[in-house]
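Some notes on the structure that comes next.
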């Protein structure tokens, strides 16, 4: 029987929309809350999302802008809590939701690698064993000791991808990470993701608008529209 690595059940996310901040508006909202009146200024980014992933799955999350894709990835990454429902995952998760997310701009590339590894619970020795491989994959050998705030967007992306792909985790979550960088590096990333899944059993969750990337990597797809699975 295949090992379920991620179980998502009836996940919903609601945001409260606020007015411009006028005194009368704030007073009205306070009075309504005291009367337990229903808040009509609600935006449901996600409603009743459910799916399972087994070890080694490569899931594409697709949909138009504003469909709820990034919100779902933030919930799966435990950055945002759902309003309702549950997410049960096994093992460690690395997330790359924006270019450079998780990097400290004042730290060097090498220091950020150690920082990300430590956040995953890896020992300094285990991280050290991965450093050369990460730097080589990212092609930043001449810049690795410089603060990442000096990196170009392409360098940032290469280091972020290499770090997420080589550190110890069971699930990798990526949001539009292949939108930055040259075609040669994109192909290198696609090859690496497929290798991580097929050879190491890592589960991949990917948001992309590029149908070619989805077809090259993913074996499953869910499509969102206005927060709903369709």
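The values are calculated or read from the model by the stated rules, or taken from the named source; none is laboratory data. This one's a predicted model, so the numbers in the text were calculated from it and none came from an experiment. Because the Cβ atoms are built from the backbone with ideal geometry, glycine has one as well, and the counts that use them run over all protein chains shown.
Residue by residue, here is whether (1) in a strand (DSSP E or B); (2) more than 30 Å from residue 153 (Cα to Cα); (3) touching a helix residue (DSSP H, G or I) at 6+ places or on another chain (Cβ under 9 Å); (4) modelled with pLDDT of 95 or more holds:
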| residue | (1), (2), (3), (4) |
| --- | --- |
| 25 | no, yes, no, no |
| 65 | no, no, no, no |
| 73 | no, no, no, yes |
| 100 | no, no, yes, no |
| 110 | no, no, yes, yes |
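Determine whether residue 117 is at negative phi, out of contact with any strand residue (DSSP E or B) (no Cβ under 9 Å at 6 or more places or on another chain) and at pLDDT 90 or above. Walk me through it before giving the result.
Numbers: at negative phi: yes; out of contact with any strand residue (DSSP E or B) (no Cβ under 9 Å at 6 or more places or on another chain): yes; at pLDDT 90 or above: yes.
When the stated conditions are applied, residue 117 passes them.
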Of the residues that sit in segment 149-175 and are touching a residue at least 60 places away in the same chain (Cβ under 8 Å) and over 13 Å from residue 134 (Cβ atoms), which one is surrounded by the most Cβ atoms within 10 Å (Cβ to Cβ)?
173
Being closer than 30 Å to residue 46 by Cα, more than 15 Å from the chain's Cα centre (by Cα) and surrounded by 16 or more Cβ atoms within 10 Å (Cβ to Cβ) is true for just one of 85, 89, 117. Which residue is that?
85
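Say we look at segment 172-184 and pick out the residues that are farther than 23 Å from residue 91 by Cβ and not in a loop (DSSP other than H, G, I, E, B); which of these is modelled with the highest pLDDT? Reasoning before the result, please.
Restricting attention to segment 172-184, the residues satisfying the condition of being farther than 23 Å from residue 91 by Cβ are 176, 178-184.
Among the residues that remain, those that are also not in a loop (DSSP other than H, G, I, E, B) are: 178-179, 183-184.
Numbers: 178: 76, 179: 71, 183: 85, 184: 89.
The extreme case among them is 184.
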On the basis of being within 23 Å of the chain's Cα centre (by Cα), more than 18 Å from residue 182 (Cα to Cα), assigned to a helix (DSSP H, G or I) and in contact (Cβ under 8 Å) with a residue 40 or more places away in the chain, does residue 130 make the cut?
no
Residues located in segment 188-201, provided they are under 14 Å from residue 220 (Cα atoms) and buried (at least 17 other Cβ atoms within 10 Å of the Cβ):
197
With respect to the numbered conditions (1) part of a helix (DSSP H, G or I); (2) closer than 23 Å to residue 7 by Cα, which one is the sole condition not fulfilled by residue 187?
(2)
Of all residues in segment 150-171 being more than 17 Å from the chain's Cα centre (by Cα) and under 19 Å from residue 97 (Cβ atoms), which is modelled with the highest pLDDT?
151
